[in-house]
1. By how many degrees, between 0 and 90 and to the nearest 10, does the Cα long axis of helix 123-142 differ from the longest principal axis of the chain?
2. Take the residue pairs Lys16/Lys80; Lys78/Lys112; Lys17/Lys112; Lys17/Lys137 and return only those whose Cα atoms are more than 22 Å apart.
3. Suppose each label sits 7 Å from its Cα in the direction of the beta carbon; what would the Asp51-Glu9 distance come out to in nanometres?
4. Evaluate the distance, in nm, between pseudo-label points positioned 7 Å from the Cα of Met124 and of His26 along their respective Cα→Cβ axes.
5. Against the longest principal axis of the chain, how steep is helix 3-16, in degrees 0 to 90 to the nearest 10, with axes from Cα atoms?
6. Would you work out if the stretch 12-145 is rounded, prolate or oblate? Take a ≥ b ≥ c from the square roots of the eigenvalues of the alpha-carbon gyration tensor; rounded if a/c is under 1.5, else prolate when a/b is larger than b/c, oblate otherwise.
7. Over the chain, give the accessible area per residue in Å² for a 1.4 Å probe, as an integer.
8. If I compute solvent accessible area with a 1.4 Å probe over the protein chains, what percent of it on the chain is carbon and sulfur?
Amino acid sequence: MDLRELYQEVILDHSKKPRNFRELEHASHSAVGHNPLCGDRATVYLRVEGDVVREASFQGSGCSISTASASMMTDALKGKTVAEARALFERFHELVTADPSQVAAASAELGKLAVFAGVHEFPMRVKCASLAWHTMKAALEGGARATTE
């Protein structure tokens, strides 16, 4: 099995069995995101205590890439400071939008999230992969309720 097949398996697993797929009771931050090009929708919930993301979850509907990205993002955010979460957004966004030769460092830092490195080859899928991430960023910036539609 080559690396691309492994990445596809990871994405399919998170798409079929998304982690943290629920409304987060007592969320301190949330936002709604929508991709009008394909109809994907995501609501991201965060519970931030002090400066640390203690819990993250999401709800919504979308394609495999969108769902898998949201699932893996919520896992990756737990325990991060707000500054680390914002930095993670920037690294992920760079991963899915930049030329692969420019993202080697970002891939190494992102660990499991590097499965999305090939998304840049499919411009229509970049918005799918980054929807939950933009929604998370809006939640952090907007406080209790923000909309990215």
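1. So the inclination is approximately 20 degrees.
2. Values: Lys16/Lys80 26 Å; Lys78/Lys112 14 Å; Lys17/Lys112 16 Å; Lys17/Lys137 24 Å.
Beyond 22 Å: Lys16/Lys80; Lys17/Lys137.
3. Taking the simple label geometry, Asp51 and Glu9 are separated by 4.0 nm.
4. 4.4
5. For helix 3-16, the angle is close to 30 degrees.
6. Taking the square roots of the gyration eigenvalues as a ≥ b ≥ c, the stretch 12-145 is oblate.
7. Details: 7530 Å² over 149 residues.
Per residue, the chain has an accessible area of 51 Å².
8. On the way: 3900 of 7530 Å².
Result for the chain: 52 percent of the exposed heavy-atom area is carbon or sulfur.
The values are calculated or read from the model by the stated rules, or taken from the named source; none is laboratory data. None of these values were measured; they are calculated from a predicted model. Using ideal geometry, Cβ is built from the backbone for each residue, glycine included, and neighbour counts are taken over all protein chains shown. Accessible surface areas use protein heavy atoms only, side chains included; no ligands, DNA or RNA. Shrake-Rupley method; radii C 1.70, N 1.55, O 1.52, S 1.80 Å.
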